[in-house]
Structure formats: structure tokens, C-alpha cells
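Please read the structure below before turning to the comments.
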Amino acid sequence: KEASALRIEYKNSEGFIAIYYPDFFVKTDEKTVYIIETKGREEENDKLKFERLQMWCKDVNGRQSKVVYKALYIKQEEWEKDRLKNFDEVVRVFDKK
């Protein structure tokens, strides 16, 4: 059975409704899922997409308690600075709430 992708609508920089699909999902345990957006060169809409993803997580977490969804934004230039050994280190470096 094919898994359906998470599709998130957001208002882009031109004021139109647009759609994007997050890059990765990491399930760290039975109750925690990180939704990860990665970026090389940042564009104008990237911040808007991530803000919407953060709001999506907050909304979903407020409606249920089975799984906690957390948004994580990883910039390529910061990623290349560190030699991260595991996902816990990734969260420590990039989880800037």
C-alpha cells in the first residue's frame, strides 16, 4: 500500500495559497515524530513554509495526544559545519524554538 505524503498549504510571498511537502520524517519513538525541512539556498517562501509547518504541528498536537509532531529546519551550510554523530545531535543543533 502506498503511503500518502503530508501536504501542507501555506500563503506564499505573493499572497497566494501554495502547497509543499516536507522533506523527511523521523520517528524517534512511539510518541515522537520530527518533520524535517532541509534547505540549501534559501528562497523567499522557505520561511513561510516552515512557519506554516510549525503551526501545523501545534494545531495537530493540540487536537490529539497519541503522537507529538515537531518541526525541524536544517540549513545545509550549518549542517556542513558540524560532524553530527546521531539524530540526538541533529536535534540539539537545529531545534531552535
Problem - Among Asp82, Asp46, Asp23: highest mean-square fluctuation, GNM of the chain, C-alpha pairs under 10 Å - result: Asp82
Fill in the blank from the handout: Once normalised by the length of the chain, the mean sequence separation of its alpha carbon contacts under 8 Å that are 6 or more apart gives a contact order in percent of 24
Handout entry: Counting DSSP beta bridges with both ends in the chain, the antiparallel % (nearest 5)
Key = 55
Problem - Shape of the range 48-97, Cα gyration tensor, a/c cut at 1.5 - result: oblate
Practice task
Once you have a ≥ b ≥ c as the square roots of the Cα gyration tensor eigenvalues for the chain, tell me rounded if a/c is under 1.5, and otherwise prolate or oblate according to whether a/b is larger than b/c.
Solution key: oblate
Exercise for the section: Order the peptides 31-41, 9-19 from the highest to the lowest mean number of other Cβ atoms within 10 Å of their residues. Expected result: 31-41, 9-19
Fill in the blank from the handout: Note to self, the chain gives a 222 nm [θ] from helices alone (DSSP H runs n ≥ 4, -39500 (n - 2.57) apiece, / all residues, nearest 500) of -10500 deg cm²/dmol
Problem - Solvent-accessible heavy-atom area per residue, rounded to whole Å², over the chain at 1.4 Å - result: 76
Problem - Of Asn45, Asn61, Asn86, the one that fluctuates the most in a GNM where the chain has Cα springs shorter than 10 Å - result: Asn86
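Could you tell me what percent of the accessible area of the range 1-81 is made up of carbon and sulfur, with a 1.4 Å probe and every protein chain present?
Values: 2870 of 5960 Å².
Carbon and sulfur atoms account for 48 percent of the accessible area of the range 1-81.
The values are calculated or read from the model by the stated rules, or taken from the named source; none is laboratory data. Note that the structure is predicted; figures quoted are calculated from it, not measured. Don't worry about glycine lacking a Cβ; one is built from the backbone with ideal geometry, like all the others, and counts go over all protein chains shown. Just so you know, the surface numbers come from the protein's heavy atoms only, side chains and all, with ligands and any DNA or RNA stripped out. Shrake-Rupley method; radii C 1.70, N 1.55, O 1.52, S 1.80 Å.
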